[in-house]
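Comments concern the structure below.
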Amino acid sequence: MAGVGKLMKQAQKMQKQMEGIQAKLAEQVIEVSSGGGAINIKVNGQGEFQAFKIDPEFLKEDAEFIEETLLGAVQEAAAKAKETSEEAMGSVTGGMGGFPGF
């Protein structure tokens, strides 16, 4: 049963590392710009949206164009946050589904 104890210690160590990474991701800000700078979005590394900024001149454009541009910016911000989170978590898990060595 010594293997179980070792596995538990590894799991606890990994848990602490993941908590530290989650804290860093919460503080990390990712900025995305779209429409030639007309739309700016800030999202943290956990995928939580922090701010939106839309140039008032851009709002004079066609509604469908505004919607498409905004959607594209939101999707890009979400994708970048997901990628950032996966890379950070991969550094702990070794990209092996959460258990190094398995």
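The values are calculated or read from the model by the stated rules, or taken from the named source; none is laboratory data. This is a predicted model, so every value here is computed, not measured. Cβ coordinates were reconstructed from backbone atoms using ideal geometry, including for glycine residues, and neighbour counts include every protein chain displayed.
Can GLN75 be described as within 14 Å of the chain's Cα centre (by Cα), in a helix (DSSP H, G or I), closer than 25 Å to MET89 by Cβ and modelled with pLDDT of 95 or more? Give the derivation first.
Working: within 14 Å of the chain's Cα centre (by Cα): yes; in a helix (DSSP H, G or I): yes; closer than 25 Å to MET89 by Cβ: yes; modelled with pLDDT of 95 or more: yes.
Yes: the conditions hold for GLN75.
Which one of these does ASN44 not meet: (1) modelled with pLDDT under 90; (2) closer than 27 Å to SER91 by Cβ?
Single failed check for ASN44: (1).
Any chance the range 15-22 includes a residue that's touching a residue at least 40 places away in the same chain (Cβ under 8 Å), assigned to a helix (DSSP H, G or I) and either under 30 Å from GLU68 (Cα atoms) or aromatic (Phe, Trp, Tyr) (or both)? Show your work before the answer.
Within the range 15-22, the first condition is being touching a residue at least 40 places away in the same chain (Cβ under 8 Å), and the residues that meet it are 17-18, 21.
Among the residues that remain, those that are also assigned to a helix (DSSP H, G or I) are: 17-18, 21.
Adding the requirement that they be either under 30 Å from GLU68 (Cα atoms) or aromatic (Phe, Trp, Tyr) (or both) leaves none.
Within the range 15-22 (the criterion being touching a residue at least 40 places away in the same chain (Cβ under 8 Å), assigned to a helix (DSSP H, G or I) and either under 30 Å from GLU68 (Cα atoms) or aromatic (Phe, Trp, Tyr) (or both)), the answer is no, since none of the residues qualifies.
Across the range 33-77, what is the total count of residues that are surrounded by fewer than 16 Cβ atoms within 10 Å (Cβ to Cβ) and under 30 Å from ALA23 (Cα atoms)?
Within the range 33-77, the subset surrounded by fewer than 16 Cβ atoms within 10 Å (Cβ to Cβ) is 33, 36-37, 42, 48-53, 55-57, 59-65, 67-68, 71-72, 75.
Filter once more, so that each one left must be under 30 Å from ALA23 (Cα atoms): 33, 37, 42, 48-53, 71-72, 75.
Number satisfying all stated conditions: 12.
What about GLY3, is it loosely packed, with under 15 Cβ neighbours inside 10 Å, out of contact with any Leu (no Cβ under 6 Å at 6 or more places or on another chain) and within 27 Å of ILE66 (Cβ to Cβ)? Step through it out loud before you land on a result.
Numbers: loosely packed, with under 15 Cβ neighbours inside 10 Å: yes; out of contact with any Leu (no Cβ under 6 Å at 6 or more places or on another chain): yes; within 27 Å of ILE66 (Cβ to Cβ): no.
No, not satisfied.
Condition test on GLN12, is it within 12 Å of the chain's Cα centre (by Cα) and not aliphatic (A, V, I, L, M)?
Values: within 12 Å of the chain's Cα centre (by Cα): no; not aliphatic (A, V, I, L, M): yes.
It is false that GLN12 is within 12 Å of the chain's Cα centre (by Cα) and not aliphatic (A, V, I, L, M).
Tally up the residues in the range 23-32 that are surrounded by fewer than 18 Cβ atoms within 10 Å (Cβ to Cβ), within 13 Å of LYS80 (Cβ to Cβ) and in contact (Cβ under 8 Å) with a residue 60 or more places away in the chain, please.
Going through the range 23-32, the residues surrounded by fewer than 18 Cβ atoms within 10 Å (Cβ to Cβ) turn out to be 23-24, 26-29, 31.
From what is left, the residues that are within 13 Å of LYS80 (Cβ to Cβ) are 28-29, 31.
After this cut, where a residue has to be in contact (Cβ under 8 Å) with a residue 60 or more places away in the chain as well, the list is none.
Residues in the range 23-32 being surrounded by fewer than 18 Cβ atoms within 10 Å (Cβ to Cβ), within 13 Å of LYS80 (Cβ to Cβ) and in contact (Cβ under 8 Å) with a residue 60 or more places away in the chain: 0 in total.
Is it the case that some residue within the range 25-41 is under 12 Å from the mean Cα position of the chain (by Cα), small (Gly, Ala, Ser) and part of a helix (DSSP H, G or I)?
Within the range 25-41 (the criterion being under 12 Å from the mean Cα position of the chain (by Cα), small (Gly, Ala, Ser) and part of a helix (DSSP H, G or I)), the answer is yes, since at least one residue qualifies.
Looking at (1) within 21 Å of SER85 (Cα to Cα); (2) in contact with a Ser or Thr (Cβ under 6 Å, 6 or more places away or on another chain), can you tell me which one ASN44 breaks?
(2)
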